[in-house]
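Below: the structure, in structure tokens.
Please treat every number below as a calculation from the coordinates, not as lab data. Here the structure is a predicted model, which means the values were calculated and not measured. As a convention, Cβ positions derive from the backbone with ideal geometry for all residues, glycine included, and neighbour counts pool all protein chains shown.
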Amino acid sequence: MDVNNPNPAFGSDLEPFHGIPTFMRLPASRDFENVDIAIVGIPFDSGATNRSGTRFGPRKIREASLQLWGYNQVLKVAPTEALKIIDYGDVSVISVDIRATMDRITADIKSILDQDVTVVALGGDHSISLPLLRAHASKFGEVAVVHFDSHPDTWDWEYENQPYSHGTPYRRALEEELIDTDAYLQIGIRGPTSWPKDLDTAREMGAQILTINQVFEMGIPPVIETMRNIVGDRPVYVSLDIDSVDPAFAPGTGTPEVGGLSSYDILQLVRGLQGLNIVGFDLVEVSPPYDHGDITSILATNLAFEFISLLALQKTISQE
Ligand code: MN
Ligand code: MN
């Protein structure tokens, strides 16, 4: 780092409690010139079937990001140095209209992807993955997906003719053929389900599942190897529902399921994506009103930091 031109993300002239909380103090901007990554907030939680509050997720994750310093000690990269990153602000969601909101998300994300900028989306509930996938599939075609979650999100729930919620985005995405079903992996699935066959339904639609039991029986390194073998060199979209993590580490979420990954497990799994052809990220279901001591937001912002670190390594490799 050039000490005469301090990168704001390093907090060199401001303490974490000072100033305006954009993500890592990066510029709030919609000017895409030479930009590599846009951090995009999607504060929408009307897709939640139980506890809401994820509309407050993006802002809280940004606030927690002021405690991130710039250098990733594990991946050996300083993402805000290697890449030009902006904080796009939030998509203008309409909390009472999920369809109109989804259209706005797809339109905004498409306009960003059109500039060859990679999106890191901060939710919001998991319903936002469907419009995000629509935008990504329109640019990249059917994408491989690595989906961390305790729920398959492939319910066939059309209560009162409402096909869209945070329980259904992956059913809809599979129906709309946005996902390459040769390479769709769900990791961390667990908890009681409505019916014995809930997971079979997801598998029949094309998901490969590593339940939490399998993850812990295998151990993290073989899970990473499985993930990498399934994805190969396909363009891959990564969707991380924070409820994949145990509520002891991530209580601030709408639909917690006990017996999950630790903070360290999820960090290691995300780092295991290194070198894959990642085309997009979302990080969803952080619900600050249910959080304690901001631990969920702090984990989430560290995961977002790992995402941008992976993208920084990806760019460095592609330039070699
Ligand atoms: Mn989910
Ligand atoms: Mn979930």
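Counting only residues at least eight positions apart within a chain, or on another chain, the aspartates and glutamates with an alpha carbon under 15 Å from that of LYS197 are ASP153, ASP156. Listed by Cβ neighbour count within 10 Å, with the fewest neighbours leading, MET227, MET205 appear as MET205, MET227. Classify the chain from the C-alpha gyration tensor, please: rounded if a/c falls under 1.5, else prolate or oblate depending on whether a/b exceeds b/c. Here the chain falls in the rounded category.
For the chain, what's the relative contact order in percent, using C-alpha pairs closer than 8 Å and at least 6 residues apart? Show your work: numbers first, answer last.
Values: 690 pairs, mean separation 67.8, N = 320.
After rounding, I find 21 percent.
Please give every one of the lysines within straight-line cross-link reach of LYS84, meaning a C-alpha to C-alpha distance under 20 Å, and leave out same-chain neighbours fewer than 8 residues apart. Excluding near neighbours in sequence, the set is LYS76, LYS110, LYS315. The modelled label-to-label distance for the pair SER92/ALA248, using points 7 Å beyond Cα in the direction of Cβ, is 4.6 nm. Its Cα gyration tensor gives the range 75-199 an equivalent ellipsoid, and the semi-axes of that ellipsoid, as √(5λ) in whole Å with the largest first, are 26, 19, 14. For the chain, modelled as a GNM whose springs connect Cα atoms under 10 angstrom apart, the maximal fluctuation among VAL286, VAL40, VAL215 occurs at VAL215.
Relative to the dominant Cα principal axis of the chain, helix 295-319 is inclined by about 70°. The Cα center of the range 52-97 and the Cα center of the range 259-307 differ in position by 11 Å.
Our helix-only sum for the chain, with -39,500 (n - 2.57) per DSSP H run of n ≥ 4 divided by its residues, gives a mean residue ellipticity at 222 nm of -10500 deg cm²/dmol.
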